[in-house]
Amino acid sequence: MADDKKILDIFKSTGALLEGHFILRSGLHSGHFFQCARVCEHMDRVSELVAMLVEKLSGLDFSTVLSPAMGGLVLGQETARQTGARFIFAEKQDGNLVLRRNFKLSEGERVLIVEDVITRGGRVQECIDIIKAAGAVPVAAAVLVDRSQGRAKFEIPCLSLLEFSFPTYEADKLPESLAKLSAVHPGS
């Protein structure tokens, strides 16, 4: 698709999609690594990507955008700006996402969750739980990249700008092309 190519070109040109030999946090090896924070260095590109994501949100009724820190902050704030919504974020405290900084959700408030990348969807689920615990209504999740291969499932719709995943390998089962390259730990 033309949009997928355009999106991938943005990721590559900003250094967000890397090719090489990477050792992932899981210990698995991959020939590709996605670092969304690199896209977020370029606000013109963020605005462009979020505008494409916002198109997918037509018909959704929400007044607030909630993002998990850190990855979703820039994207969530830009989504709120482009849709005229209020923006808040959840951050880790004692290992769990919580609302801090006196952020509050009201009973019945309709909330869109915005995240950069989902693999298993744990942070999106934590946001759903926060919203429901406050008596607010989780409307949908909007993510820049879904690399869950369809495994991340939620009780609300999850809309993504791009779905992709790259093969991963055990250290002792690397393809020859990957084994020839020096491995690096790219971080999260």
With Cα coordinates, the longest principal axis of the chain makes an angle with the long axis of helix 122-133, in degrees rounded to 10, of 10
The ³J(HN,Hα) series, computed from each phi in segment 143-148 with the Karplus coefficients 6.51, -1.76 and 1.60 at θ = phi - 60°, rounded to the nearest Hz and given as x for glycine or proline, is 10, 5, 10, 9, 10, 7
Using alpha carbon centers only, segment 131-188 is separated from segment 9-34 by a whole-angstrom value of 12
The long-range amide H neighbours of Ser160, using H built 1.01 Å from N in the peptide plane and a cut-off of under 5 Å, are Val143
For the chain, the charge dipole (Cβ of Lys, Arg +1; Cβ of Asp, Glu -1; about the Cα centre) points to a positive end, and the Cα of Met70, Gln149, Val50 closest to that extreme belongs to Met70
Put Ser106, Ser58, Ser160 in order of accessible area, largest first, probe 1.4 Å, and you get Ser58, Ser106, Ser160
Reported to the nearest 10 Å², Ser165 has, with a 1.4 Å probe, an accessible area equal to 50
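If you filter segment 131-188 for GluC sites (Glu not before Pro), then keep DSSP loop positions with at most 14 other Cβ within 10 Å, what is left?
On the way: sites: Glu155, Glu163, Glu170, Glu176; in loops: Glu155, Glu170.
Passing both the DSSP loop test and the Cβ count: Glu155, Glu170.
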Tilt, helix 73-83 to longest principal axis of the chain (alpha-carbon atoms), in degrees rounded to tens, equals 50
Summing -39500 (n - 2.57) over every DSSP H run of at least 4 in the chain, dividing by its residue total and rounding to the nearest 500, the 222 nm mean residue ellipticity is -8000 deg cm²/dmol
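Send over the per residue convex hull volume for segment 12-71, Cα only, as a whole number of Å³. Don't jump to the answer; show the numbers that get you there.
On the way: hull volume 7.6 nm³, N = 60.
It comes to 126 Å³ per residue, whole-number rounded.
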Probe 1.4 Å, all chains present, heavy atoms only: Met70 accessible area in Å², nearest 10, is 150
Loop-resident trypsin sites (Lys or Arg not before Pro) in segment 97-188 with no more than 14 other Cβ atoms inside 10 Å, DSSP not H/G/I/E/B, are Arg100, Arg101, Lys104, Arg120, Arg151, Lys153, Lys180
Diffing segment 173-186: the Karplus 3J(HN,Hα) column from phi (6.51, -1.76, 1.60, θ = phi - 60°), in whole Hz with x for Gly and Pro, holds 10, 6, x, 4, 4, 7, 4, 6, 9, 5, 8, 10, 9, x
Non-local residues with an amide H under 5 Å from the amide H of Val114, with H modelled 1.01 Å from N and Pro and chain starts lacking one, are Leu66, Ser67, Ala142
For the chain, the longest principal axis of the Cα atoms and the Cα long axis of helix 43-55 enclose an angle in degrees, to the nearest 10, of 70
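For the chain, what is the Kirkwood hydrodynamic radius in Å, using each pair of distinct C-alpha atoms?
Working: mean 1/r = 0.0577 Å⁻¹.
So the Kirkwood estimate lands at 17.3 Å.
The values are calculated or read from the model by the stated rules, or taken from the named source; none is laboratory data. Fair warning: this is a prediction, and the values are worked out from it, not measured in the lab. Quick reminder, even Gly has a Cβ in these numbers, built from the backbone with ideal geometry, and neighbours come from all protein chains shown. Calculation scope for accessible area: heavy atoms of the full protein, side chains included, ligands and nucleic acids excluded. Shrake-Rupley method; radii C 1.70, N 1.55, O 1.52, S 1.80 Å.
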